[in-house]
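Each remark here refers to the structure printed beneath this line.
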Amino acid sequence: MPKITFQEAKEFLDDIDNEDNVAIIHHDDGDGFCSGILYYDWCKQKGAKVEEFTYVLNKSKIKDFGLEKFNKIILTDITSEVVAEELNIISNKQVLYLDHHPEKGVFPKNILTFITDDGKYIPSSRTAGELTGLKPFLALIGTITDAGDLYQENQDYINSHLDKLNISLDDFKKNISSVVSNTINYLDKDPNKTFKLLEELKSLEDVASLRVYADKIEDEIQEFVERYEKNKEKLGDVNFYYFKPKLSVKGAVTGIISHKNVDEVYIFASPKENGKQISLSARNAFKEINAIDLLKKGTLGLKDSSAGGHVRAAGGMILAEDLDRFKQNIREFLENK
Ligand SMILES: [Mn+2]
């Protein structure tokens, strides 16, 4: 698998021209949409034909996208743990794979990979912004929606862009990145519409046009943020919050509560739509343990469970019937720590 440098990734992009037919495949979160749009716009600007595909983890399959007609494919923000082996089916194409999650799985050997995971947390949108130079405001939105501001290595990048946009981080989160996140969540059944709406944004001011979607879930988010103080449970030092929203607001509720106090450790749990499983999010980290390990300890020995992600933000899944066992695992782990 050829690992390539930033410069080589840039050369791949520079080589795109009006004879190319490019597929952009991106993750379905803020970082995935924003980075995908930057590569999409880049291809358009180069005169290439381009189409976009939203990849939903554990649901989408590369083979179902019908990519025969494309000669170049760019993937962004889709963790290799899930997608690497699937790329066999497109290994006859010129493929540029860009991501920032810890590298796992085996890539077909001719896939060009640029993964920004050398001990730093650089969201895919920041990389897309730096590679293309396009829509810096959108690159910043993707970076902030993916919690890039929690990492020291992004401070200079974030601050210099906020300065140029003449907006504070708080205002950016409140009036810009959260509006985009809410819009993505509200339209989660219609990712093509989301992509189109976000692609049409030409400046920060345009983000206000998304409020018609974002406001619909704002009330639901506030409701579950307000319930946190009353309904949270302490598992040792960990704040455990089980909540059951109707709309797709888990991520937003998780983000708002965990960002209020970044020194605290949280585990959020919500039932999946099917009612049979519970999804888990761990946020922030102790000195001795990271968020992935915390969920791994909690899901230890539980049937059909999973845990993975980033050191300060991890996700997982358990069967609904195992919720009490999960909580007990966490309690025991923290007692014996
Ligand atoms: Mn992502």
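Taking other Cβ within 10 Å of each residue's Cβ, how do H259, H310, H161, H27 sort, fewest first? Can you show the working numbers first?
Details: H259 14, H310 22, H161 19, H27 26.
The order, fewest Cβ neighbours first, is H259, H161, H310, H27.
For the stretch 21-123, what Kirkwood radius comes out of the mean inverse Cα-Cα distance, in Å?
Numbers: mean 1/r = 0.0735 Å⁻¹.
Across the stretch 21-123, the inverse of the average 1/r is 13.6 Å.
Rounded to the nearest 500, what is the 222 nm mean residue ellipticity of the chain from helices alone, with -39500 (n - 2.57) per DSSP H run of 4+ residues and division by all residues?
Details: 13 runs with 135 residues, N = 337.
Taking each H run of at least 4 residues, the total per residue is -12000 deg cm²/dmol.
Order these by the 10 Å Cβ neighbour count, fewest first: L138, L302. Spell out each step's value before the answer.
Values: L138 26, L302 19.
Lowest count first: L302, L138.
How charged is the neighbourhood of D20? Take every other residue with its Cβ under 10 Å from the Cβ of D20, and add Lys/Arg as +1 and Asp/Glu as -1. Numbers along the way, then the final one.
Details: positive: K46, K49, K72; negative: D15, D17, E19.
It works out to a net charge of 0.
Pairs to check: K46/K93; K3/K63; K72/K164. Give those whose C-alpha atoms are more than 30 Å from each other in this structure. Intermediate results must be reported in sequence, preceding the final value.
Values: K46/K93 19 Å; K3/K63 24 Å; K72/K164 34 Å.
Over 30 Å apart, Cα to Cα: K72/K164.
Given 10 Å bins starting at zero, what is the percent of C-alpha pairs of the stretch 158-260 in each, up to the one with the largest pair distance?
Reading upward from the zero bin: 13, 40, 31, 14, 2.
Angle between the Cα long axis of helix 250-260 and the longest principal axis of the chain, 0 to 90 degrees, nearest 10?
The answer is roughly 70 degrees.
Provide the FRET efficiency to the nearest 0.05 for the K46-E332 pair, computing r from the beta carbons and using R0 = 45 Å. Don't jump to the answer; show the numbers that get you there.
Numbers: r = 56 Å, r/R0 = 1.25.
E between K46 and E332, to the nearest 0.05, is 0.20.
What are the semi-axes of the equivalent ellipsoid of the stretch 208-335, taken as the square roots of 5 times the eigenvalues of the Cα gyration tensor, listed largest first and rounded to whole Å?
Details: eigenvalues 123, 56, 34 Å².
Calculated on Cα positions only, the semi-axes equal 25, 17, 13 Å.
Classify the stretch 213-274 from the C-alpha gyration tensor, please: rounded if a/c falls under 1.5, else prolate or oblate depending on whether a/b exceeds b/c. Present the calculation step by step, with values, prior to reporting the outcome.
Values: a/c = 2.12, a/b = 1.51, b/c = 1.40.
Verdict is prolate for the stretch 213-274.
Could you work out the pair-distance distribution P(r) of the chain from its alpha-carbon pairs, with 20 angstrom bin width and percents rounded to whole numbers?
In whole percents, the pair-distance histogram is 31, 59, 11, 0.
Taking the number of other C-beta atoms within 10 Å as the exposure measure, put V212, V265 in order starting with the fewest. Write down the numbers at each step before the final one.
Working: V212 10, V265 23.
Placing the least packed residue first, the sequence is V212, V265.
Give the angle, between 0 and 90 degrees and rounded to the nearest 10, that separates the Cα long axis of helix 136-145 from the longest principal axis of the Cα atoms of the chain.
30
Extending each Cα 7 Å along its Cβ direction at D324 and S306, get the distance between those two points in nm, one decimal.
Taking the simple label geometry, D324 and S306 are separated by 2.7 nm.
Between K10 and E218, what is the label-to-label distance in nm when each label sits 7 Å out along the Cα-to-Cβ direction?
Here the modelled spin labels are 4.0 nm apart.
With respect to the cross-link table entries K193/K303; K10/K196; K244/K296, which display a Cα-Cα separation exceeding 31 Å? Please list the in-between numbers first.
Numbers: K193/K303 37 Å; K10/K196 25 Å; K244/K296 23 Å.
Among K193/K303; K10/K196; K244/K296, the Cα-Cα distance tops 31 Å for K193/K303.
Throughout, read-outs are computed from the coordinates displayed, never taken from laboratory work. All values derive from a computational prediction rather than experimental measurement. Positions of Cβ are backbone-derived with ideal geometry, glycine not excepted, and every protein chain shown enters the neighbour counts.
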